[in-house]
1. Please work out which one of (1) at pLDDT 95 or above; (2) in contact with a helix residue (DSSP H, G or I) (Cβ under 6 Å, 6 or more places away or on another chain) is the condition residue 88 fails and give its number.
2. From the list 69, 80, exactly one residue is over 21 Å from the mean Cα position of the chain (by Cα) and in a helix (DSSP H, G or I). Which is it?
3. Hey, can you tell me all the residues within the range 39-52 that are at pLDDT below 85 and surrounded by 10 or more Cβ atoms within 10 Å (Cβ to Cβ)?
4. Which numbered condition trips up residue 108, out of (1) outside the structural domain of residue 8 (by TED's automatic domain parsing); (2) free of Cβ contacts under 8 Å to residues at least 24 places away in the same chain; (3) surrounded by 10 or more Cβ atoms within 10 Å (Cβ to Cβ); (4) at negative phi?
5. Being touching a strand residue (DSSP E or B) at 6+ places or on another chain (Cβ under 7 Å), surrounded by 13 or more Cβ atoms within 10 Å (Cβ to Cβ) and not assigned by TED's automatic domain parsing to the domain that holds residue 7 narrows it down to one residue among 91, 101, 22; which is it?
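The values are calculated or read from the model by the stated rules, or taken from the named source; none is laboratory data. This structure is a prediction, so every number in the text was calculated from the model and none was measured. Because the Cβ atoms are built from the backbone with ideal geometry, glycine has one as well, and the counts that use them run over all protein chains shown.
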């Protein structure tokens, strides 16, 4: 397996480890060489990856929150604008309909733009 390179044993499981190994090949424990060279353990790499992911997610959520807020503001402005349209009076029955109506809600006749109703 590691022909002639064995110099140490794992302090955790007792497995023979190559002299240049930073981690035990059996249990993953950091060897004296790994401690000496400050080799990053897989858990350290995972921790760093999660920290980076957390930062990226926070940025994404901040952008999403801003976009949602802008969408609500646009929707609010559109609703306010539609509420302030002049009513359309149906020429057939005289009913006042909301300004964005296409058909009279009382008689069902098609309404034209700006009160010029079309007869269906």
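1. (1)
2. 80
3. As a first pass, look at the range 39-52 and keep what is at pLDDT below 85: 39-48.
The answer is 39, 40, 41, 44, 45, 46, 47, 48.
4. Among (1) outside the structural domain of residue 8 (by TED's automatic domain parsing); (2) free of Cβ contacts under 8 Å to residues at least 24 places away in the same chain; (3) surrounded by 10 or more Cβ atoms within 10 Å (Cβ to Cβ); (4) at negative phi, residue 108 violates only (4).
5. It is 101.
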